[in-house]
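First comes the structure, then the notes that go with it.
The values are calculated or read from the model by the stated rules, or taken from the named source; none is laboratory data. No experiment lies behind these values; they were computed from the predicted model shown. Cβ atoms come from the backbone with ideal geometry, glycine included; neighbour counts cover every protein chain shown.
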Amino acid sequence: MISVTNISKSFGEGAKRIQVLDNFSADFERGKITSIIGGSGSGKSTVLRHLIGAYKPDSGKIIIDGEDITKMNNEQMNEVRKKFGILFQSGALFNSMTVEDNVALPLREHTELPMSTIKIMVTMKLEMVGLRGCEHLKPAQLSGGMLKRIALARAISLDPKIVFYDEPSAGLDPISIGVIDKLMIDLSRKMGITSIVVTHELPSAMRISDKIIMLFKGKIIAEGNPEEIRNSQDSRVLQFINGSPDGPIPFSKSQKDYGEELKEMSLY
Ligand code: ADP
Ligand code: MG
């Protein structure tokens, strides 16, 4: 479904220039769940932003459903984006709107369907995430896990072929993480949705993934099914699996400041 060949990306100029992705290549198989894992600052979100066309690589190709998106202008990219659903880390629901209106938003924007049909479709999506009956609630009345599920209902409202998940379990309790994991698996297995998950939650990635790609400083250091990752002898992979502070991956800070975080959020 998605094939990435040798993409590289640097930010900044001169001495401040940092290479965030270094010849990254990967295939994301149709109908499967592929997770990208790695420590903070390893380049996971940067990969995701390239896949959704928010960033253009300095070099390399990104083929989605047969088309190279690196050559596309905004208008062409918007057409491709209709195949996507994106579950943002923040959820990004509108607090002033009901659950029903939030989930209906993409249907109102991108289709000409009558309101009565849209209502039925919204109910179906809410049923899929196990929250039928919540139509008239406002986001403030829902728990973190429920908000994520509503955001997921919205992400799949246009029946996308591909769903991108950015840190879907961030900030959730273990039970809610389990619920989201199961939903991701169901969408993949029952609906054939191609899923790309960016996460630093290794246990979750182990449960849901058909394939795991592990990033370290913008390079792939391990790739395979959960069993293969678990059996890896690479010291960097072992450190990540064991969560140990000492090892080849330094105990480090994010290089970001808040200005950059804000800039990032507006890119979605
Ligand atoms: P992760 O999601 O794995 O935590 P990111 O992909 O967000 O990592 O970031 C990897 C590195 O790229 C970080 O050092 C970050 O500061 C840098 N980076 C990402 N986007 C930009 C940008 N737009 N401008 C400058 N640096 C960036
Ligand atoms: Mg990130």
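So the values come out like this:
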{"item": "Enumerated helices (runs of 4 or more DSSP H) restricted to the stretch 199-246, each holding at least 1 residues that are of a type in the set (S, T, N, Q)", "result": "202-208, 235-242"}
{"item": "Those residues of the stretch 148-199 which are among the polar types (S, T, N, Q), free of Cβ contacts under 8 Å to residues at least 40 places away in the same chain and buried (at least 21 other Cβ atoms within 10 Å of the Cβ), in sequence order", "result": "Ser169"}
{"item": "The stretch 154-170, residues that are in contact with a Leu (Cβ under 7 Å, 6 or more places away or on another chain), assigned to a strand (DSSP E or B) and of a type outside the set (Ser, Thr, Tyr)", "result": "Val163, Phe164, Asp166"}
{"item": "The lone exception for Ala151 - which of (1) out of contact with any Lys or Arg (no Cβ under 7 Å at 6 or more places or on another chain); (2) at pLDDT 90 or above; (3) part of a loop (DSSP other than H, G, I, E, B) it fails", "result": "(3)"}
{"item": "Sole residue being touching a Lys or Arg at 6+ places or on another chain (Cβ under 9 Å), more than 16 Å from ligand 1 (Cβ to nearest atom) and at negative phi, chosen from Val4, Val99", "result": "Val99"}
{"item": "Hits in the stretch 123-146 - residues which are over 20 Å from Leu107 (Cα atoms) and among the hydroxyl-bearing types (Ser, Thr, Tyr)", "result": "Ser143"}
{"item": "Flag for Ile120 being in a helix (DSSP H, G or I), in contact (Cβ under 8 Å) with a residue 60 or more places away in the chain and surrounded by fewer than 18 Cβ atoms within 10 Å (Cβ to Cβ)", "result": "no"}
